[in-house]
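The values are calculated or read from the model by the stated rules, or taken from the named source; none is laboratory data. The structure displayed is predicted, hence computed values, not measured ones. Neighbour counts are summed over all protein chains in view; Cβ atoms, including those assigned to glycine, are modelled from backbone coordinates with ideal geometry.
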Amino acid sequence: MAYSEDSAESVTRAREHFLETGVVPSIPLRPGIADSWRRCSLAGMGCDDLDPPYFDDLDTEGRLMHAAQPVLDGLEETLSDATMSVILTDTQGRLLDRRVSDGALRRHLDRIRFAPGFSYAEEHVGTNGIGTALETQQLAVVAGGEHFTSPLHALACAGAPINDRLTGRLAGLLDITSWSTRVSPLMPALARSAAGAIERRLLELASERERTLLEAFMAAERHGGQAIITVADDLTMVNRRAADLLGRSDHAIVRDMVAEILRAGGEHTASVVLSRGEPATIHCRPIEANRGAVVEISVTGRRGSPARPRVGPADLKLAGTSALFANVCADLAMLRQAGTWLLLEGEPGVGKLALARAVHYRSAPDRLFAVIESTEDVAGRCSATPGAPGGTVVLRHVERFTDNARAAVVDWLDNVAEGANRVWVVATTEIGSELPDNLLSRLPATLTVPPLRHRIEDVRELVPALLGTSSLGRSVSCGPAAMRALLRSTWPGNVAELAHALRHALARRRVGQIQPEDLPESCHVTGGRVLSRWEAIERDAIIRALLETDDDKAAAADLLGISRATIYRKINVYGINIETGPPVSK
Ligand SMILES: Nc1ncnc2c1ncn2[C@@H]1O[C@H](COP(=O)(O)OP(=O)(O)OP(=O)(O)O)[C@@H](O)[C@H]1O
């Protein structure tokens, strides 16, 4: 964790360059820092503000606190002469306990509200040892100018996640903080070893039932490098390999198998295709007089094997060249080829239906392609679709289907699952929706379409493609300044919102190059919170004035009849960002 004056200076320059241009220069930065800066910038976070929120509903009596107390006491004693603070947080970065013996450091931490009850999650205070470790679920070291917000520059911190080995879930975080000028290379090691000690204490405190399950888990793990899950009632233990291998619908399959063997007794083995496409064998055996089960998963083949060329966005006539989007296209095409039914999830307007349609038409353009919507008579549509070889049925937004509609879908899926008339089924859903296990277990794969802000480079290709479909043959293109504005936007409504913004621009500019002022007001802000109606009206008025005055803040303030100080403050509050380009005749 060397942090010499030279490296501190180059980090400061890198941060300033990033804040000015949005580009991280290619100097060696600690892992995770550049990504965290980008997240903060995309969220529209101010780089000079620090306002951690306070919470008064923290669990200060739970298992984590109980397990951590002796570890924190021991560290406090060991570090009594050091200018270091030891901090325990919950899984949301809210400080549960803080130990610090050095008076000056304590006063500083109090001033910046780095104190119990306050949240140091990245979304609240930007890049820091706690928030960034929670975001990445890995040890994070953040020192001096690596912090996104300048009020944290005086500090260095090392945060280590604490995992609950019983549940496989994050339990909290242990952080060591010091002055950035007094930073020690021991801090990350100390944080990691204290987190490990708390993890062991969590295990020791486990109940007898949990211990029995744990012993079965450990015994199964000792047999070799398989993916292991143990399940009993509401308690599940998952080793790292299983966590990496299994998606949401795989867990539903495992739960179904366990429920079955606990009911019927005996062992059970099944061949499945995992949600990421790998063929695998799942072996379940009961333990503890049928009170739980050990599940071992072995991958039996390679993803997508036998090897075949990857299908890319261009093959599907879709716009986008990012690796993230290319992977989704290839994975979906592979699932189509294997005939694997799937849940295609993603944020609104991200292109779920467009992808399913494109993959279908590439492989079977002359076969049935049907979309069943939640607003239709789902049961009627299902019974009118007895199956069609090579055909595709999209169940659009299954999370919006009523219980009756879902029951009809489950029956229908069972009827068309086998035989010559088998169709390929893609159920689309908004990410994070709750779906019943009986539906999930019939959809063995899950694929997530990444949001546009995670593959923002795709905007460059999407813009001409979407203009081509909306401009009705008119000769309109996107000017460079408007393109820069589009690339800065975070697109909560994804490709559908981008298409809407371009239609808005086309209504204003019939031929020639689209300019920033042709775009809707929402394209001139970065990140930010949901605004009230009045705030949105005020924000849009300021944007229009700035566009009219070519981003001359003083002239825009005059136009609106407000002071210059007010316009600067509002620009900051609303995250307004005006791109100006060379004048172009309409
Ligand atoms: N990669 C792409 N290339 C070209 N057009 C795209 C692409 N992705 C999405 N689109 C277009 O963006 C619009 C929104 O896409 P689509 O309706 O497939 O999204 P969705 O995720 O299914 O939306 P919803 O959540 O509302 O169901 C459509 O007009 C679609 O054709």
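Couple of notes before you dig in:
- Test: residue in region 374-388 that is touching a helix residue (DSSP H, G or I) at 6+ places or on another chain (Cβ under 7 Å), farther than 19 Å from Leu443 by Cα, touching a residue at least 12 places away in the same chain (Cβ under 8 Å) and not polar (S, T, N, Q): no
- Some residue of region 350-364 being part of a loop (DSSP other than H, G, I, E, B), within 12 Å of the ligand (Cβ to nearest atom) and either of a type in the set (A, V, I, L, M, F, W, C) or modelled with pLDDT under 95 (or both): yes
- Conditions (1) at pLDDT 90 or above; (2) within 16 Å of the ligand (Cβ to nearest atom); number of the one not met by Trp341: (2)
- Scope region 403-431; condition free of Cβ contacts under 8 Å to residues at least 24 places away in the same chain and not in a helix (DSSP H, G or I); matching residues: Glu418
- Those residues of region 432-441 which are among the polar types (S, T, N, Q) and not in a helix (DSSP H, G or I), in sequence order: Ser433, Ser441
- If only residues of region 474-504 that are of a type in the set (Gly, Ala, Ser) and at pLDDT below 95 are counted, the one that is farthest from the chain's Cα centre (by Cα) is Ser475.
- The listed residue being modelled with pLDDT under 85 and out of contact with any Phe, Trp or Tyr (no Cβ under 9 Å at 6 or more places or on another chain), out of Glu76, Glu16, Glu9: Glu9
- Some residue of region 463-473 being at positive phi, within 16 Å of the ligand (Cβ to nearest atom), at pLDDT below 90 and outside the structural domain of Val378 (by TED's automatic domain parsing): yes
- Scanning region 492-512 for residues that are within 11 Å of the ligand (Cβ to nearest atom) and hydrophobic (A, V, I, L, M, F, W, C) returns Val495, Ala496, Leu498, Ala499, Leu502.
- Scanning region 413-454 for residues that are within 10 Å of the ligand (Cβ to nearest atom) and under 24 Å from Gln337 (Cβ atoms) yields a count of 3.
- Flag for Thr321 being closer than 24 Å to Arg276 by Cα and loosely packed, with under 15 Cβ neighbours inside 10 Å: yes
- Meets criteria (within 16 Å of the ligand (Cβ to nearest atom), polar (S, T, N, Q), surrounded by fewer than 18 Cβ atoms within 10 Å (Cβ to Cβ) and outside any helix (DSSP H, G or I)) for Ser477: no
- Close pairs (7 angstrom Cβ cut-off, 6 or more residues apart or separate chains): of a type in the set (Asp, Glu) in region 496-507, surrounded by 19 or more Cβ atoms within 10 Å (Cβ to Cβ) anywhere: Glu497/Gly349; Glu497/Trp491
- Exclusive hit being closer than 17 Å to Ser322 by Cα, in contact (Cβ under 8 Å) with a residue 60 or more places away in the chain and surrounded by 21 or more Cβ atoms within 10 Å (Cβ to Cβ), set Val459, Val449, Val463: Val449
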